[in-house]
Structure formats: C-alpha cells, structure tokens
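The values are calculated or read from the model by the stated rules, or taken from the named source; none is laboratory data. Because the structure is a prediction, the values reported are computed rather than measured. Cβ placement follows ideal geometry from the backbone for every residue including glycine, while neighbour counts extend to all protein chains displayed.
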Amino acid sequence: MKWEGQRESDNVDDLRGSDGGGGGGGGFSIGGGGLSLGGVVIALVAGWIFGINPMTLLGLADGGRMSSAPPQSRSAPAGPGAHPQDAGAKFVSVVLADTEDVWTRVFQSAGQTYQPPRLVLFSNRVQTACGRGASAMGPFYCPGDSRVYIDLSFYRTLRDRLGAPGDFAQAYVIAHEVGHHVQHLLGVTDKVDALRRRQSEREANATSVRVELQADCLAGVWAYHSQQSKGWLEAGDIDEALNAASQIGDDTLQRRSGGDVVPESFTHGTSDQRQRWFKRGLAQGSIRDCDTFQTRSL
C-alpha cells in the first residue's frame, strides 16, 4: 500500500501519553454505544456480560508496540487536531483522510452530506461518550461522540497473535470502524439499538452479526473507491484485508481459544461471512450491496 506522502486527516486527536480522560465513568457499553472490531472469542462469561473483548481475558491482547506500519514513538501527545509525527499515527491519519474523501463523494452522489468522524489515538484507557474504553477491547467506534478509538498496540496483536500482518490489514481495521460511523449517519445504529432492546440475547447476537457484516461490506465499498481514485494498492493488499477478516471471525477465534464453536454466541460473523461481505462491497463499491438486514443468507 503506497500510503507515504498522502494527505493526512485533520480529524485526529492524539491522547497517547495522557490519561485519556479515563479517570471516570462506568464500563464500556457495546449494546447501546460502542461497536468493536475485536471478535468475540468464547465461553468467558465475564466477557459476554460486561462487554469486554474476550480476547483480553484469553490473553490474546497485549500492550506492546504496533509493528507492520512503523512503530509509534513515545513522544508527548500531539493533542486534539494536531498532526502526530510518528509513522504509525501518520499511517492511520492517511487512511482516515482517504475514508473522508471516499465517503464524501459517495454521500454527495446520493445528495447527502458526509460528516467525518474523529479518530482518537490513546494508550491503555480512554473516556468516551459510550463509557470508559480500554486498549484490550481493540479498536471501536462510539456513536455517542462520533469517534473511532484505537490504541496502536492492537496492530501488534493483529500481526503476532491473530496472524494478520500487513498495512492493508491495518487499513481494513480503520475502514471497518468508519463503516460503523457510516451506519450511524444512515440511521442504522439507532434502529438496531431499538431492535436489540426488544430481543432475547440470542436474537440480539444475531442482529449484531448483521451490523458487523455490514461494516465489513462498507469497508469493501471504501476499498473499491479508494483504489479507483488513488490506485495505491499493491499486489497482496486485498489478500491482507481478507486474511484479517478471516482471522477475526467468531468461529476462528473460538477454535483458536480451544473451545467449542457456538454459533448462537456469534456477534461478528464467521470468517467466511466476513470475507464474503467485504468482497461484496469491494466488487462494485455500492452501499446498496451491503444490506445485511434484508437477506436471509449471510
């Protein structure tokens, strides 16, 4: 992925090295607030009840530095709106900028206005409108403040623990979370939250799968338009994203943990489903192809 020298977003807040506002608030809410990329692994009841990414409880997440994109420095935080200077932060800033360009054009073509999210870089923990977030939860989007949150150490976990290396695998992570923002702007998030409140746990899990697969499809839509406009993808980049989608499928994560595969507990979709919906968005770059809620077969 030829990302060096591309435009960087102004919508990045670098809170690394600060307390991230993490001193107050309660637990992080998945059902009514944040939407996380990190897959659901298995049978750890605390993870299901409290909304904490079970990857943490199984020791799959760590606090090390990111790798594939160049490692982040330990310099003082750049602060809200400033451009971070370390290469890892510059990479996500470039990817975010391109999502802004792509979704602005897509929304304009539909006669709508795109309002980009902000992206918050943090370390360890952060306070959000959805509650307190933690690095171990993986990247997440909070519709309450229209922000994507990421601790760049997740990229080391993605590469070393989950077997998904590569810069475009990392770009897919950002694009997926921005996909949740697009869902929020289109009114999907509010409708889904209202639906979940009327559903049983099993039904709510099935709804969550459709939400996450749609975000995967929207990431594919971004990739299609991004390549059409920039031509910056290289051989193997799409395979990196597909591999990442596969490695964080619910069934793969559950097998990796050594437990049984329990479809009723899935909240993000199987590896095959995640790949399929990313490819569906990538094929034509059309949001219309991403309606996971009206199809019977995922």
So how many residues does region 234-259 have that are touching a residue at least 24 places away in the same chain (Cβ under 8 Å), surrounded by fewer than 19 Cβ atoms within 10 Å (Cβ to Cβ) and either in contact with a Phe, Trp or Tyr (Cβ under 7 Å, 6 or more places away or on another chain) or of a type in the set (A, V, I, L, M) (or both)? 1
Would you check if Asp216 is surrounded by fewer than 24 Cβ atoms within 10 Å (Cβ to Cβ) and of a type outside the set (A, V, I, L, M)? no
Just give me the residues in region 284-297 being more than 15 Å from Glu212 (Cα to Cα) and surrounded by 13 or more Cβ atoms within 10 Å (Cβ to Cβ), in sequence order. Gly285, Ser286
Scanning region 158-178 for residues that are surrounded by fewer than 24 Cβ atoms within 10 Å (Cβ to Cβ) and either on the phi > 0 side of the Ramachandran plot or in a helix (DSSP H, G or I) (or both) gives Arg159, Asp160, Arg161, Gly163, Gly166, Asp167
Scan the helices (runs of 4 or more DSSP H) fully inside region 179-298 and keep the ones with 2 or more residues being under 15 Å from the mean Cα position of the chain (by Cα). 201-230, 237-247, 271-284
Starting from residues that are in contact with a Ser or Thr (Cβ under 9 Å, 6 or more places away or on another chain), modelled with pLDDT of 95 or more and of a type in the set (S, T, N, Q), keep the ones in region 95-126 and report whichever is surrounded by the fewest Cβ atoms within 10 Å (Cβ to Cβ). Thr113
Cys130 - would you say it is modelled with pLDDT of 95 or more, crowded, with 24+ Cβ neighbours inside 10 Å and touching a Cys at 6+ places or on another chain (Cβ under 7 Å)? no
